[in-house]
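The structure appears right after this line, and notes come after that.
The values are calculated or read from the model by the stated rules, or taken from the named source; none is laboratory data. What you are looking at is a predicted structure, and each value in this text was computed from that prediction instead of being measured. Because the Cβ atoms are built from the backbone with ideal geometry, glycine has one as well, and the counts that use them run over all protein chains shown. Keep in mind that these areas ignore ligands, DNA and RNA; they rest on the heavy atoms of the full protein, side chains included. Shrake-Rupley method; radii C 1.70, N 1.55, O 1.52, S 1.80 Å.
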Amino acid sequence: MTQSYVIIGDGVAGSSAAETLREEEPDADITVITDEGEALYNRILIKEFAKGKLPEAPISIHDESWYDERDIDLRLNTLVVDVDVDGHTVETHEGEAIGWDKLLLSMGGTPTQLPVDNSDAEGVHHFWTFQDARAIKSHIEEADSSVVVGAGLLGIDLAAITAAQDVEGKYLMRGNRWWRYALSKEGADIIHNALSERDVEPVFESGVDHFVTDDDGRVTTAVDPNGVEYDADFVGIAIGLNFNTEILQDTPIETDTGIIVDEYMRTNHDDVFAAGDITEFDDLILGERAQNGAWGSAKEQGSIAAQNMVEYGSAEFEWVSSYSITHFDFPFLSFGHPTLGDDEAEAKYSDTEWRRLAFKDGRIVGGVLIGDLSPQTKYKQLMRERRAVADQKDVLMQQNFEIDDLELEEKAAE
């Protein structure tokens, strides 16, 4: 009997799952449902489009013909409003019920709204979809001043967009540095200096109390909690994601921040799986439940989920994710879970070269590299091997670190 698979979400996780399912099940019925109006595109590159560095064409990955050629039913502009786990159906906003034998949830998240007055004014932008990038690019090209709120990886993208479009700006951060959970002040200052050189001024221990608008409802000013006013005819907000789990509220599917899955990407229901940044998965390397929204991680999760939808237990998800930033004259890369752990080590080698490792139970669980990315392969290998190396930080922090140096140190200690 022909199996039917329904995938909610056509990001890289959902699309990767659809491709793998078609390879594994040539005769299966596969339906992909997305509320977006276009097929899979590269979320990593939309910031380059918004910066004016890339045209639209290279950002699209799949057009509708890609799905047609693989006999995958793609439903664009379609919102799933209900999931009936017992009846094995999903309901769309148009009232259509679509049946499934196996269901994959990969619907991602929605940008968190800043809970202040006028945060929905014209000229206030969030950055998540290609449509967001188009709106940002159109607006920033006409702007004279900007404010960016949110000291994380999407916030730095917005700050870089304003810099690339030669718009002076203020980058408001609640703490005393950018991405304070992953970087020390010494490492973050490399980023701060690069922003300042591009006329984007970091403002620390700050935030927004409310926005001021003109008579037409367009944002003109951001006012911080101390009453300090910042001119802003463009505002970018990136303070996190709310994961789209609301359609599961009346179902037995277990959720916390996201959807809880095991190492096979299966939920607590045998026929329901999840993939992508919406998942809270059993991280085999970290040794605990975790979330990760990196592109490579989501793509791998989609493929692993599909394999287990066909044959449960056939493939485990084990992955060391990476996220790179290319906005500056020096490279930047984070890997694993740099904001977690119970111990750390860091070193600075020049004004634009710095690194930090995070450890848990003596093992590397993540890190950040600025300037020289070459050690990443070695650190990731140690992560995958689950080696306890925190007692040899001096070796790990050597500028030209080699794994063989670590092994010699171990033998010398015997």
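Estimated from the Cβ-Cβ distance and a Förster radius of 25 angstrom, the FRET efficiency linking ASN77 and ARG289 is about 0.15. DSSP beta bridges confined to the chain are antiparallel in about 55 percent of cases. Taking 7 Å steps out from each Cα toward its Cβ at ASP120 and ARG218 produces label points 2.1 nm apart.
Put the Cα centre of segment 1-47 next to the Cα centre of segment 226-275 and the gap is 19 Å. So for the chain, averaging the separation of alpha carbon pairs under 8 Å that are six or more residues apart and normalising by length, what relative contact order in percent results? Computed value for the chain: 14 percent relative contact order. Heavy atoms only, probe 1.4 Å: what % of the accessible area of the chain goes to carbon and sulfur, would you let me know? Answer for the chain: carbon and sulfur cover 40 percent of the accessible area. Structure shown: which of LYS348/LYS393; LYS47/LYS348; LYS53/LYS170; LYS185/LYS360; LYS53/LYS185; LYS360/LYS393 lie over 25 Å apart, alpha-carbon to alpha-carbon? As for pairs spanning more than 25 Å Cα to Cα, those are LYS47/LYS348; LYS53/LYS185.
Is the shape of the chain best called rounded, prolate or oblate, per the rule: a/c under 1.5 gives rounded, else a/b larger than b/c gives prolate, else oblate, with a ≥ b ≥ c the square roots of the Cα gyration tensor eigenvalues? Since a/c reaches 1.5 but b/c is at least a/b, the shape of the chain is classed as oblate. A simple charge model with +1 on the Cβ of Lys and Arg, -1 on the Cβ of Asp and Glu and nothing else charged puts the dipole of segment 10-121 at about 800 debye relative to its Cα centre. Which stretch or stretches of segment 129-146 have amide N atoms under 16 Å from the point lying 7 Å from GLU168's Cα along the Cα→Cβ direction? Only 143-146 pass the distance filter.
The sum of -39500 (n - 2.57) across all DSSP H runs of n ≥ 4, divided by the residue count of the chain, sets its helix-only mean residue ellipticity at 222 nm to -7000 deg cm²/dmol. Rounded to whole numbers, the Karplus 3J(HN,Hα) couplings from phi for segment 54-68 are 9, x, 5, 3, x, 7, 6, 9, 10, 9, 4, 5, 4, 6, 4 Hz, using 6.51 cos²θ - 1.76 cosθ + 1.60 with θ = phi - 60°, and x at Gly and Pro. When the residues TYR323, TYR312 are ordered by accessible surface, computed with a 1.4 Å probe over the protein chains alone, the sequence from largest down reads TYR312, TYR323.
In terms of its C-alpha gyration tensor, segment 158-222 comes out oblate, because a/c is 1.5 or above while a/b does not outweigh b/c.
Ranking ARG180, ARG289 by solvent-accessible area of protein heavy atoms (1.4 Å probe, all protein chains present), from largest to smallest, gives ARG289, ARG180. Multiplying the residue separation of GLU205 and SER314 by 0.36 nm and removing their Cα-Cα distance gives an extension gain of 34.4 nm.
So between ASP404 and ARG70, what do we pick up on full extension, going 0.36 nm a residue minus the alpha carbon distance?
115.5 nm
Site pair SER196 and ASP391 shows an inter-label distance of 4.2 nm when each label is modelled 7 Å from Cα along Cα→Cβ. Listed by chain and number, the aspartates and glutamates placed with their C-alpha closer than 14 angstrom to that of LYS378 are GLU402, ASP404, ASP405, GLU407; residues fewer than eight positions away on the same chain are left out. Taken one residue at a time, the phi angles of segment 263-279 give Karplus couplings (6.51, -1.76, 1.60, θ = phi - 60°) of 6, 9, 6, 9, 7, 7, 10, 4, 9, 10, 10, 9, 8, x, 5, 6, 8 Hz. Gly and Pro are set to x. Annotation: the antiparallel percentage among DSSP beta bridges lying fully within segment 39-173 is about 60. Between SER138 and ASP27, the distance separating the two model label sites (each 7 Å from Cα on the Cα→Cβ line) works out to 4.8 nm.
Take each peptide in 7-16, 296-305, count the other Cβ atoms within 10 Å of every residue, and average; sorted highest first, the result is 7-16, 296-305. By a 1.4 Å probe calculation restricted to protein chains, SER314 has an accessible surface near 60 Å², given to the nearest 10.
From the alpha carbon centroid of segment 386-403 to that of segment 96-146 is 41 Å. Take the alpha carbon gyration tensor of segment 45-84, find the square roots of its eigenvalues, order them as a ≥ b ≥ c, and report rounded if a/c is under 1.5; if not, report prolate when a/b exceeds b/c, else oblate. In terms of gyration-tensor shape, oblate.
Suppose R0 equals 35 Å; then what is the FRET efficiency for GLN3 and GLN381 from their Cβ-Cβ distance, rounded to the nearest 0.05? The computed FRET efficiency comes out at 0.40.
Per residue, segment 181-220 exposes 50 Å² of solvent-accessible protein surface, assessed with a 1.4 angstrom probe and all protein chains in place. Straightening the chain between THR112 and ASN42 buys 23.1 nm, computed as 0.36 nm per residue apart minus the Cα-Cα spacing. Normalised by residue count, segment 195-331 yields a Cα convex hull volume of 187 Å³ per residue.
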